[in-house]
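Shown next, in structure tokens, is the structure this report addresses.
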Amino acid sequence: MKAVEIKPDIYWVGAIDWGVRDFHGYITQNGTTYNNYLINDKDITLIDTVKHDFYSVTIENIRSIIDPSRIVNLVINHIEPDHASAIDAIMRLIPNATIYITERGKKGLDRYFDTSQWTFKIVKTGDTLNTGKYNLLFLETPMLHWPDSMVTYVKEAKLLISQDAFGQHIATAARFDDEFVECASLFELEDAVVDYYANILMPFGQLIKGKIADIVKLGLEIDMIAPDHGIIWRKDPNKIIQMYLDMAEGKAGLKVAIVYDTMWHSTEYMTIPLMQGIKDEGVDCKVIKLRATPMSVAIKEFWKSRGCLIGTPTINNVMFPSVSEFLYHLGGLRPKNRIIGAFGSYGWGGGAVKEAYDALKRMGLEVVEPGIQVQYKPSVEDEQKCYEFGREFAKKVKEYHEKLGK
Ligand SMILES: Cc1cc2nc3c(=O)[nH]c(=O)nc-3n(C[C@H](O)[C@H](O)[C@H](O)COP(=O)(O)O)c2cc1C
Ligand SMILES: [Fe+2]
Ligand SMILES: [Fe+2]
């Protein structure tokens, strides 16, 4: 793939990683891209690098426009290795270039590389860089999603180069939203946005709202958003901003995700009447077996749904390992505005369902107690109780959904 002009003299020069399926533990079923951008102005400027494996790909893309050794400015919006690990190879080509980076970005970069011979210009929100006909404005976005993160706004192009924000893990020949929707579908695109948000950005809703408000206050006109993963938003940048505002508010579908695991199917048998009860209350329901589902997919389905039921058998007095792993990881993502309960099968003393509730309460979620437990395989009566609990839970989900008004 060659460079793609996204605005006059501004090019996508990134790499498509069709093969990556495990991105730091996050399952990328559709691969991803590492986007970086070249501004071919009087002072040639590269914004971000790529993952080191793709160094020669980005260099060839740059070479299709200019001789890479002519780059004089390198902007590093984020030091995470998927964007910055090619930096040392690139700096060998352009040893005299100036690196524009936040203070915390520089400190982090010092941990990864020997930066002693590189020239840095530390930037903060409001600082600018003139490249000739273009003026770049830097905006720090600390903890979105690393302390060093910032975004770069190209004023005359009304272009926001947004780093990880607004990105999606999709490897595709399409570079733009409209192209992707034409060759794939809007659903796939939205699903990838939610997947990324749920797994990477869920803890940062308040910060996201604040940062979007800052951008509005600054009156920046945006007619294109170019993230560092996936497609570029050219047709409808407001769509992705609205999606982020909705997710930052904790918006979810009127749905229930039943997330469970099982050793000998008893907990699994409970999911059938539970699902039926939920469905009979007019609430959509998806059942996710943890050992059959990548963690990041289970997190996404949780996040899409207003309600969730956690199912776990008892093993050695505690939860089944995959369920405790899920809840442990979910706790770190600090979910909000979700209503949740638990169920499971046990043999003698039990303990797993109580442990699940303890974990859910620690997360501060709206909890429906006491859930439902059965001994060994559910009987016909147990199944009826599960059905009733499913209905009750779905009613509570509807009430809670209405109360939140979203
Ligand atoms: C290795 C193992 C350890 C277990 N430990 C406990 C336990 O500590 N307390 C308990 O009540 N049941 C215990 N059980 C029994 C299971 O909780 C019971 O068989 C339950 O029905 C399993 O549900 P499942 O079919 O959904 O896996 C244990 C079962 C196994 C296989
Ligand atoms: Fe990142
Ligand atoms: Fe990234």
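For the stretch 223-264, the candidate set comprises residues that are acidic (Asp, Glu) and over 15 Å from the mean Cα position of the chain (by Cα); within that set, the residue that is farthest from PHE343 (Cα to Cα) is ASP223.
For LYS300, are the conditions met, namely being surrounded by fewer than 18 Cβ atoms within 10 Å (Cβ to Cβ) and not in a loop (DSSP other than H, G, I, E, B)? So LYS300 fails the test. Is it the case that some residue within the stretch 392-405 is more than 30 Å from TYR244 (Cα to Cα) and either of a type outside the set (A, V, I, L, M, F, W, C) or within 33 Å of the chain's Cα centre (by Cα) (or both)? Within the stretch 392-405 (the criterion being more than 30 Å from TYR244 (Cα to Cα) and either of a type outside the set (A, V, I, L, M, F, W, C) or within 33 Å of the chain's Cα centre (by Cα) (or both)), the answer is yes, since at least one residue qualifies. Restricting attention to the stretch 283-292 and to residues that are outside any strand (DSSP E or B) and in contact (Cβ under 8 Å) with a residue 12 or more places away in the chain, the residue that is farthest from ligand 1 (Cβ to nearest atom) turns out to be VAL283. Could you tell me whether VAL367 is of a type in the set (A, V, I, L, M, F, W, C), closer than 20 Å to ILE272 by Cβ and assigned by TED's automatic domain parsing to the domain that holds MET263? So VAL367 fails the test. Consider the stretch 322-348 and keep the residues that are free of Cβ contacts under 8 Å to residues at least 60 places away in the same chain and farther than 19 Å from MET270 by Cβ. The one that is surrounded by the fewest Cβ atoms within 10 Å (Cβ to Cβ) is TYR328. Only residues that are within 12 Å of ILE222 (Cβ to Cβ) and of a type in the set (S, T, N, Q): list them for the stretch 145-171, please. Listed by number, the list holds a single entry, SER162. Going through (1) of a type in the set (D, E, K, R); (2) free of Cβ contacts under 8 Å to residues at least 40 places away in the same chain; (3) buried (at least 23 other Cβ atoms within 10 Å of the Cβ) one by one, LYS217 falls short only on (3). One residue is enough: does the stretch 337-345 have a residue meeting the conditions more than 20 Å from ARG291 (Cβ to Cβ), near ligand 1 (Cβ under 10 Å from one of its atoms) and part of a loop (DSSP other than H, G, I, E, B)? Among the residues of the stretch 337-345, not one is more than 20 Å from ARG291 (Cβ to Cβ), near ligand 1 (Cβ under 10 Å from one of its atoms) and part of a loop (DSSP other than H, G, I, E, B), which makes the answer no. In the condition set (1) more than 30 Å from ILE170 (Cβ to Cβ); (2) free of Cβ contacts under 8 Å to residues at least 40 places away in the same chain; (3) out of contact with any helix residue (DSSP H, G or I) (no Cβ under 6 Å at 6 or more places or on another chain), VAL318 is compliant with all but (3). Considering (1) buried (at least 18 other Cβ atoms within 10 Å of the Cβ); (2) part of a loop (DSSP other than H, G, I, E, B), the lone condition that ALA359 does not fulfil carries the number (2).
The rows are residues; the columns are (1) of a type outside the set (Gly, Ala, Ser); (2) touching a strand residue (DSSP E or B) at 6+ places or on another chain (Cβ under 9 Å).
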position	(1), (2)
ASN238	yes, no
LYS286	yes, yes
VAL297	yes, yes
LYS300	yes, no
SER305	no, yes
CYS308	yes, yes
PHE320	yes, yes
VAL323	yes, yes
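Based on this model, can you work out whether ILE258 counts as within 16 Å of ligand 1 (Cβ to nearest atom) and aliphatic (A, V, I, L, M)? Yes; evaluated as a whole, the condition is true for this residue. Scanning the stretch 191-218 for residues that are small (Gly, Ala, Ser) and under 8 Å from the mean Cα position of the chain (by Cα) yields one hit, ALA198. Of all the criteria given as (1) polar (S, T, N, Q); (2) in contact (Cβ under 8 Å) with a residue 60 or more places away in the chain; (3) closer than 28 Å to LEU189 by Cα, the one not satisfied by THR267 is (3). Provide a single number: the residues in the stretch 21-79 that are more than 16 Å from ligand 3 (Cβ to nearest atom), of a type in the set (A, V, I, L, M, F, W, C) and touching a strand residue (DSSP E or B) at 6+ places or on another chain (Cβ under 8 Å). Adding up the residues that qualify gives 11.
For every residue, the table says whether it meets (1) more than 23 Å from GLY250 (Cβ to Cβ); (2) among the aliphatic types (A, V, I, L, M); (3) in contact with a Pro (Cβ under 8 Å, 6 or more places away or on another chain); (4) assigned by TED's automatic domain parsing to the domain that holds HIS78.
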residue: PHE166; (1), (2), (3), (4): no, no, yes, yes
residue: ILE170; (1), (2), (3), (4): yes, yes, no, yes
residue: ASP177; (1), (2), (3), (4): yes, no, no, yes
residue: CYS183; (1), (2), (3), (4): yes, no, no, yes
residue: ASP191; (1), (2), (3), (4): no, no, no, yes
residue: VAL194; (1), (2), (3), (4): no, yes, no, yes
residue: PHE204; (1), (2), (3), (4): no, no, no, yes
residue: MET224; (1), (2), (3), (4): yes, yes, yes, yes
residue: PRO237; (1), (2), (3), (4): no, no, no, yes
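Kindly provide the set of residues from the stretch 238-282 that are small (Gly, Ala, Ser) and in a helix (DSSP H, G or I), ordered by number. Result: ALA248, SER266, GLY277.
Give the stretch 365-398 a look and list any residue that's charged (D, E, K, R), part of a helix (DSSP H, G or I) and under 13 Å from ILE340 (Cα atoms), or say none. GLU392, LYS395, LYS396, LYS398, listed by residue number. What do you reckon, is ALA174 more than 16 Å from ligand 1 (Cβ to nearest atom) and surrounded by fewer than 19 Cβ atoms within 10 Å (Cβ to Cβ)? Yes, satisfied.
The values are calculated or read from the model by the stated rules, or taken from the named source; none is laboratory data. From a predicted model like this one, the values you see are computed outputs, not experimental measurements. FYI the Cβ positions are ideal-geometry reconstructions off the backbone, even for glycines, and counts take in every protein chain you see.
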